[in-house]
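Presented below is the structure to which this report refers.
The values are calculated or read from the model by the stated rules, or taken from the named source; none is laboratory data. Since the structure is predicted, the reported quantities are computational estimates derived from the model, not experimental observations. Glycine gets a Cβ as well: all are built from the backbone with ideal geometry, and neighbour counts include every protein chain shown. The accessibility values were calculated without ligands, DNA or RNA, using every heavy atom of the protein model including side chains. Shrake-Rupley method; radii C 1.70, N 1.55, O 1.52, S 1.80 Å.
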Amino acid sequence: MQYSQRLNLLYGIALHEMGGDAGSISVDDGDVQDAAHFLACYLTVKAIQLAERSPADERVENFDMLSVYQAYAMLVYTYLVLPLGDEGVQPDFQKTAVTIAKSLFVELSEDEWLEIIESGQHKYQLIGDAEAEHWMNYRQDLDKAVVAFVVAGTDENAPFSPEDILPIFGTMLSMLCEAFESL
């Protein structure tokens, strides 16, 4: 099974789990970018829930935290799409940033989306460019968690389930939130 097929399969499974119509998603012909967008948002929402965070409260009390969620989702997206380069699929990070912001923060205004996207992009860039060992380890651990989730969700012989991996995403988000809260 090609990696793009795995992402489309996971997309269908996650969409079905959330009560959506997964019948129109084709493992072979689905839009793998749509799959990656959805999965990045899905994993970010799950991470927010597992980290026991409240974006609704943070919107009022600490609006900048929403951009941390944006940066986190962009990191997850990055690790979801990196292997697609072997299949000739190139990510569109600008389109993805907008798609993720509008998906995660559907109730916000366009001005708020723009602020979240801009601040989230800055955080994403800081994390991506950081050479400190703890940030390098963070990126590697998040990459491993994404790969493990894809394997768990698409390989019936995997030694773990997607549900076993989800708490890692909550922990990784908590670490990121703590890092930006202390700045």
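Residues checked against (1) open to solvent by 10 Å² or more (accessible area, probe 1.4 Å); (2) farther than 21 Å from Ala97 by Cβ; (3) of a type in the set (Gly, Ala, Ser):
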| position | (1), (2), (3) |
| --- | --- |
| Gly30 | yes, yes, yes |
| Asp34 | yes, no, no |
| Tyr42 | yes, no, no |
| Gln49 | yes, yes, no |
| Arg53 | yes, no, no |
| Glu61 | yes, yes, no |
| Met74 | no, no, no |
| Tyr77 | no, no, no |
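Would you confirm, using the coordinates I've provided, whether Tyr42 is without any contact (Cβ under 8 Å) to a residue 60 or more places away in the chain and not β-branched (Val, Ile, Thr)? It is true that Tyr42 is without any contact (Cβ under 8 Å) to a residue 60 or more places away in the chain and not β-branched (Val, Ile, Thr). Would you check if Ser103 is surrounded by fewer than 18 Cβ atoms within 10 Å (Cβ to Cβ) and farther than 14 Å from Leu39 by Cα? Against the criterion (surrounded by fewer than 18 Cβ atoms within 10 Å (Cβ to Cβ) and farther than 14 Å from Leu39 by Cα), Ser103 does not qualify. If you go through the stretch 80-103 and keep only what is under 16 Å from the mean Cα position of the chain (by Cα), of a type outside the set (A, V, I, L, M) and assigned to a helix (DSSP H, G or I), you end up with Pro83, Phe93, Gln94, Lys95, Thr96, Thr99, Lys102, Ser103. Would you check if there is a residue in the stretch 126-143 being under 18 Å from Asn62 (Cα atoms) and in contact (Cβ under 8 Å) with a residue 24 or more places away in the chain? No: zero hits.
Of note, Val146 does not satisfy the criterion of being open to solvent by 90 Å² or more (accessible area, probe 1.4 Å), under 19 Å from Met74 (Cα atoms) and β-branched (Val, Ile, Thr).
Against the definition (out of contact with any strand residue (DSSP E or B) (no Cβ under 7 Å at 6 or more places or on another chain), closer than 20 Å to Lys46 by Cβ and either open to solvent by 70 Å² or more (accessible area, probe 1.4 Å) or not hydroxyl-bearing (Ser, Thr, Tyr) (or both)), how does Asp92 come out, yes or no? So Asp92 fails the test. Checked against (1) modelled with pLDDT under 95; (2) assigned to a helix (DSSP H, G or I), Glu107 passes all but a single condition, namely (2). Assuming Ala158 fulfils every condition listed in (1) assigned to a helix (DSSP H, G or I); (2) open to solvent by less than 30 Å² (accessible area, probe 1.4 Å); (3) more than 17 Å from Met65 (Cβ to Cβ) apart from one, which condition is it? That leaves (1) as the condition not met. In the stretch 119-140, the qualifying residues are those that are assigned to a helix (DSSP H, G or I) and charged (D, E, K, R), and the one that is surrounded by the most Cβ atoms within 10 Å (Cβ to Cβ) is Lys123.
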